[in-house]
Amino acid sequence: MTRSEASDVTLPIPPAEVADAATDQLPRNGKKRPRVTLVLAVAWLGVVVFFALFAGLLPLASVATPVGDSGQLPGGGGQLLGTDGLGRSILSRLAFGGRISLAVGVIATLAGLTAGCLLGLVAAYFKGIVGTVVDILANTVLAIPPLVFLLAVAAAVRPSLSTLVFSLALLNLPTFARLAKANALSVMTRDYVLAAHAMGASHRRVLFREVLPGLIRPVAAYAVVVMATMIVAEGSLSFLGLGVPPPAPSWGGMIAEAKTDITIYPWPVFAPCLAIFLTVFALNVVGDRLQRRFALKESVL
C-alpha cells in the first residue's frame, strides 16, 4: 500500500472519542440548555397555578359585581384585562375560572390514573380471568362515545363539579389501565422482578415495590397530556351548559356567556380562549418533553 492510498483510509473513531466529541458540543457546565418553548411553557403554567391558588388572597375585583363600563379593552377603566359585556373584571374571572379548569383537569386525571394503574397492574400480574375482565371493562367504556356519555350523565344528574370530575375520570380510566398493563408486562420480565419471585417475595411486595415504580415515569408523562385534554373537555362542556353551573366562573362558561356579543365585544371571548389555548399548549409541551426524557432513560437502562 502506497503512502497516498494509506492517507485515504478512514479509521474508525473509538466510542470514547465520540463521547468526548459529543461532550465538547455541550455547554461548559455539561448540561443542555432548555428550549425557549419549554421555558415559556413552564413559566405560563406557573402563572396560571399561582393565580388559581392565590386568587382569593390577591386584590382582585368580585367576579359577579360590575367594576366599570361594559366591553372595555385591556387597560381601560383601570382594569388590566378590561371588562366583559356586563362590566365585570375579566382578570378576576380568569383567575377564579382557572381554579375550576385546573381542579377538573388535575383531579380527574389523578383519579383516572390511580384507578387505571391499579387495574392495569393487577391485570398484567395475575392475567387469566382477571386480565380478561379488566380488558372487557376497558373496551366497554372505550366503546361508548365520550360526548354521548357526558350528555347522558348531565341529563340524569344535576351538573356539578363532582359529577364532572367523576365522569371525566371514568373516561380516562381504560386508557390508563391499558398503558399501565403494557408497561407492567414489560417491567415483569426484568431481572430484579424475576429475582424477587425467585426469593419468594409476596404478591403485594412484587406488585408495589418492584413493578409499580417502573410504571411511574411513563404514566406520569402521559398524565400531563391527559390533563390538557381534560381542560379542553371542561371548557367544551361548560360552553354547552353542562359544566359547573353559574355563578361559578369557568373559562368555557365565560366563552358561552360572551358569545352573543362577540361582534360587539370580541375581547371577552378571545381572553378565555387564549387562556385555554396557552394552558393546553404548555401542558402538551411539558408532557412531550417528559415522554422523550423518560424514553431516553429507559433505553439507557
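What the table below lists for this structure:
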{"item": "Boolean, Leu207 is part of a helix (DSSP H, G or I), more than 19 Å from the chain's Cα centre (by Cα) and at pLDDT 80 or above", "result": "no"}
{"item": "Residues of region 211-257 satisfying the condition of being crowded, with 21+ Cβ neighbours inside 10 Å, β-branched (Val, Ile, Thr) and over 14 Å from Asn172 (Cα atoms)", "result": "Val211, Val244, Ile255"}
{"item": "Test: residue in region 227-236 that is charged (D, E, K, R) and out of contact with any Leu (no Cβ under 9 Å at 6 or more places or on another chain)", "result": "no"}
{"item": "Residue match in region 59-75 (condition: more than 19 Å from Gly287 (Cβ to Cβ) and modelled with pLDDT of 90 or more)", "result": "no"}
{"item": "Residue tally, condition surrounded by 16 or more Cβ atoms within 10 Å (Cβ to Cβ) and over 14 Å from Gly120 (Cα atoms), over region 167-189", "result": "5"}
{"item": "Answer from Arg28, Arg93, Arg33 - the residue that is modelled with pLDDT under 80, within 25 Å of the chain's Cα centre (by Cα) and either within 30 Å of Pro268 (Cβ to Cβ) or exposed (fewer than 11 other Cβ atoms within 10 Å of the Cβ) (or both)", "result": "Arg33"}
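The values are calculated or read from the model by the stated rules, or taken from the named source; none is laboratory data. No experiment lies behind these values; they were computed from the predicted model shown. Glycine also receives a Cβ, built like all others from the backbone with ideal geometry; neighbour counts cover every protein chain displayed.
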